[in-house]
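Participant: One structure follows; several queries about it will come next.
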Amino acid sequence: MYREIKVLRESKHENVVNLLHVFRERGKLFLVFEYQERTLLEKLQLGEGKRIQPAAVKHITYQVLRALNFLHSNKVMHRDVKPENLLLSKNGVIKLCDFGFARGTRQKANYQYTNYVSTRWYRAPELLVGDAIYNESIDVWAVGCIFAEILTGLPLFPGDSDLHTLQLILETIGADDKLRGLPV
């Protein structure tokens, strides 16, 4: 949690949730954030078949990419980008939240991170196969999955396991010769 607090204190941006206060009471640490109306996930669930207009999809995606550009420029990977972690104000401003999995990026080549990050449906293929050497592109992959979901109203790769999710990805985008040897 201390790492999350550090990242949030250093991440002042229009599209990153604002940490207002941190306090300890009875041995527990509390974080106070700015209020936002709901999450993007709630908006998608409330839609019940209604699609978000293309202009709104573009605006949402743009804001998420702005937040990630800011984080990545400051050498931070979010590692858990998903609709539930995108807060939406009544004015249509998106704020990226939940920095529990966030990590600073390393300059050292082949630095290994934990491969258990992000929610499966938004997890990049390298994470699904257990690769511990990755970079900020995993956040961008998640944005692509979210973009497709808010455009169509349906999750892009709703696998019920890592292997099933990888299979859905390969069925959708195809596999080049290097990937054909994977057991799917």
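Participant: Say each of THR105 and GLU14 gets a label point 7 Å from the Cα, pointing the same way as Cα to Cβ; how far apart are those two points in nm?
Facilitator: With each label placed 7 Å out from Cα toward Cβ, I get 2.3 nm.
Participant: Turning to a different aspect of this structure: Using packing as a proxy for protection, rank 31-42, 121-132 so that the peptide with the highest average count of other Cβ atoms within 10 Å comes first.
Facilitator: On the way: 31-42: 14.7, 121-132: 18.2.
Packing order, densest peptide first, comes out as 121-132, 31-42.
Participant: Here's another thing I want to ask about it. List residues of region 17-32, by number, whose backbone nitrogen lies under 17 Å from a label position 7 Å along Cα→C-beta of TYR2.
Facilitator: Once the point is set 7 Å along Cα→Cβ of TYR2, 22-25, 27-31 turn out to lie under 17 Å by backbone N, inside region 17-32.
Participant: Taking the Cα atoms of region 9-95, what is the range of coordinates along each of the three principal axes, in descending order and whole Å?
Facilitator: Extents along the principal axes, in whole Å: 45, 31, 22.
Participant: OK, next. Let me know the Rg and Dmax you get for region 2-173 when you use only its Cα atoms, in Å.
Facilitator: When restricted to the Cα atoms of region 2-173, Rg and Dmax are 16.4, 52 Å.
Participant: How far, in nm, would the chain grow between ALA148 and ASP160 when pulled straight, counting 0.36 nm per residue and subtracting the alpha carbon separation?
Facilitator: Numbers: separation 12, 0.36 × 12 = 4.32 nm, distance 1.86 nm.
Working it through step by step, the gained length comes to 2.5 nm.
Each value in this text was obtained by applying a stated rule to the coordinates, not by laboratory testing. Just so we're clear, the structure is a prediction, and the values are computed from it rather than from any experiment. Note that we place each Cβ from the backbone using ideal geometry, even for glycine, and neighbour counts take in every protein chain shown.
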